[in-house]
Each structure stands twice: as C-alpha cells, then as structure tokens.
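Okay, so here's the structure we're looking at.
The values are calculated or read from the model by the stated rules, or taken from the named source; none is laboratory data. The structure displayed is predicted, hence computed values, not measured ones. Reconstructed Cβ throughout: ideal geometry from the backbone, glycine too, with neighbour counts over all protein chains shown. Quick note on the areas: whole protein, heavy atoms, side chains included, nothing else; ligands and nucleic acids left out. Shrake-Rupley method; radii C 1.70, N 1.55, O 1.52, S 1.80 Å.
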Amino acid sequence: MKKILIATEKPFAPVAVEGIKKVFADAGYEVVLLEKYTDKADLLNAVAQVDGMIIRSDQVTDEVVAAAQKLKIVVRAGAGYDNIDLAACTQKDVVAMNTPGQNSNAVAELAFGMMLYNARKAFNGASGVELRDKKIGIHAYGNVGKYVATIAKGFGMTVYAHDPFVKNEEIEKDGVIPVGSVEELYATCKYISLHIPANDKTKKSINYDLLKTMPKGGTLVNTARKEVIDEDGLMKVMEERADFCYLSDLAPDCKDALIEKYADRVVFTAKKMGAQTSEANINAGLAAAKQIVDFFEKGDTTFKVNK
Ligand code: 3PG
C-alpha cells in the first residue's frame, strides 16, 4: 500500500484535507498528516517511509530528500517551487511537481485586499483615495497576473503588464497594455503588483533604481516572494519618498524597521496568506493528490518541474 505524507506547516482548510484524504482512500493509499510542525526533525521523521508527499511552502531540502528512503514524488500544492531542492530530487529520482493556477485567484484577491486597506487608510475613518482610473502594472503575466488584471479592470483601473515570456497579443486580448521593459512598467504605473518567481535571475531585482522611478503615490504590492526585493533599496526609497507605500504578504527582514518608521505606508499580513482560502486549498490540494495518484497509476508526469 502506498503511503502519502501531507506535510503542511501552514495547514490546508479541513475541508481540503478531507477531499485529499478521499482521493487517496479511493486509490487505496494510506495518508500521514503532519501539520503545524515547528521542528525540522518532525518532517525528517515523517518523510522517512513515504512514497509520495504533498507540501506547500515547506522546505524540501537535500536533507529532507536524503531522509526519504522510498520517496518517488513530491507535489508542491501551489505555484512556486523555490522551496524544493530540485537537484537533490533529480539525483534521487524523485519527481517534483507543482499545481499551477490552482490557487491564483486567492492570491490576486489578497493583492486587492491590501491595496484597498492601504488606499482607505487602514479603515481608520480618514479620507483615502480610490483605485479607479489609477494605473496598475502587473509584473509577470502568469496565472496570478491574469486574475489581477481581471479584478483591476473591475475597479476601473488602467492595466499594464510586462512579461518577456508572454506574447503581446496574448496580453492585449485581455484588454491589458503590454509594456516592453520592466523600467517602463515601473515608471508608468502608480501601483505595481509583483508576480515573478524567486530564482537566481530575479532575487533582489526589485531595487532602488526601479522603485524610485514610480509615479507619485507609488505603491508596490508583493504577493510573490520576499527574496525578489532588494531590501536596502526598498528602505532607501521609503526614506526618500514620503508618498511611497509597500504592501506585502511576505514579511521582509526589515519588517520591524519599516513598521517602526513608516507605519502608515506599509501593510503586512500576519503570515503569508495569499493562497489561504478554502477554495485555493481545495483546488491546489486536490490537484496535488490527483497528480500523485496519476503518477503512480498511469506514469503521468505532467507538471513535472525537475529534469
Ligand atoms: C504559491 O507559490 O503557490 C504561493 O506562494 C502559495 O504558497 P502557500 O501554499 O505557502 O500559501
């Protein structure tokens, strides 16, 4: 009997866990649930004898892969897989997958939640500003970026996007204005919504030179990854520009300093929660479970992300 570990430091909604369990029960697989763990040793112990694993932002390091004696597949229930050591997986013949698109709407909705909260002065009763007629730039036009565009149009915003991997026609057909360079996107848009992955090319790429060009009231919205921000550059812009705002679902290292100095210009969630909705948990969790069953029963490697 195949044994599958669901290792989620940040648990799925109970309804999603029930759904995942049913997919595996129907396939005749056993499920091991490890939630809210605080000690890496618990993960190392839990992974030792399982054939497959579902994770979220949980760290699948080379140590975790080495501890997994029977592991054949790990599925990240979500989009970004920067938390998985892909080389370690490949070396041990472990297939790594993600579930692209399944939690994207939740992330896009949170971006607007933070934008509204900031635009309306943290709902404190003071006069704020509206999103309508403002320019928003979507940095990377993937699954989340597309949902952001749809919602932004609903708010009456003018929507721009930059993505070197997406053809202009595909962006234009959504009523979005394609922009040829990152520099132009930032210099044009009051709001920037970030959706780039964290990798060697993007880490610290959102820097002072880019941010300082944003128009008056420049507001950077980060529901992507903490690592893509050059925090020294961000601090410098916040210091130099009393109009600049930073809204993030990912706590930066300089979070405390930002709150202390610029409390009315930053918004942070208590814990990364862009994908933390029942719907996103069900979509991503069930997709992950089905991908594991299809892998073992049919050899299906669609959504494999390691070579
Ligand atoms: C993703 O890459 O899918 C999102 O960042 C969501 O991450 P989470 O599953 O840890 O909430």
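Tabulated results
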quantity: Cα-based reach from LYS204 at 18 Å (exclusive), listing lysines while leaving out same-chain residues under 8 positions away; calculated: LYS212, LYS226, LYS236, LYS255
quantity: Residue-level accessible surface for LEU250, protein heavy atoms, 1.4 Å, Å²; calculated: 20
quantity: Stokes-Einstein D for the range 62-107, Kirkwood Rh over Cα pairs, 4 °C, 1.567 mPa s (µm²/s); calculated: 115
quantity: Debye-sum result for the range 104-268 in log10 I(q)/I(0), which assumes one identical scatterer on each alpha carbon, at q = 0.11, 0.12, 0.20 Å⁻¹; calculated: -0.39, -0.47, -1.41
quantity: About the Cα centre, charge dipole magnitude for the range 69-204 (Lys/Arg +1, Asp/Glu -1 at Cβ), debye; calculated: 380
quantity: Proximal charge balance of PHE24 [Cβ under 9 Å; K/R count +1, D/E count -1]; calculated: +1
quantity: Cα-centred dipole magnitude for the range 150-278, charges only on beta-carbon of K, R (+1) and D, E (-1), debye, nearest 20; calculated: 280
quantity: Dipole magnitude of the chain, debye to nearest 20 (Cβ charges: Lys/Arg +1, Asp/Glu -1, about Cα centre); calculated: 400
quantity: Beta bridges per DSSP with both ends in the chain, % antiparallel, nearest 5; calculated: 0
quantity: Selection from PHE165, ALA66, ASN124 lying farthest towards where the dipole of the chain points positive, charges on Cβ; calculated: ASN124
quantity: Ranked order, LYS134, LYS261 - accessible area, probe 1.4 Å, largest first; calculated: LYS261, LYS134
quantity: Solvent-accessible area, 1.4 Å probe, carbon plus sulfur percent, for the chain; calculated: 50
quantity: Spatially proximal lysines relative to LYS3 (Cα-Cα < 19 Å; intrachain offsets below 8 disregarded); calculated: LYS21, LYS22, LYS70, LYS72, LYS92, LYS290, LYS298
quantity: Å² per residue, accessible surface of the range 146-305 at 1.4 Å; calculated: 48
quantity: Pairwise centroid distance, computed over Cα atoms, of the range 237-282 with the range 1-32, Å; calculated: 32
quantity: Candidate residues VAL182, VAL148: accessible-area rank, largest first, probe 1.4 Å; calculated: VAL182, VAL148
quantity: Cα convex hull volume per residue for the chain (Å³); calculated: 139
quantity: Loop-located GluC sites (Glu not before Pro) in the range 84-180, at most 15 other Cβ atoms within 10 Å (DSSP); calculated: GLU130
quantity: Under the Karplus curve 6.51 cos²θ - 1.76 cosθ + 1.60, θ = phi - 60°, whole-Hz ³J(HN,Hα) for the range 125-131, x wherever Gly or Pro sits; calculated: x, 6, 6, x, 10, 9, 7
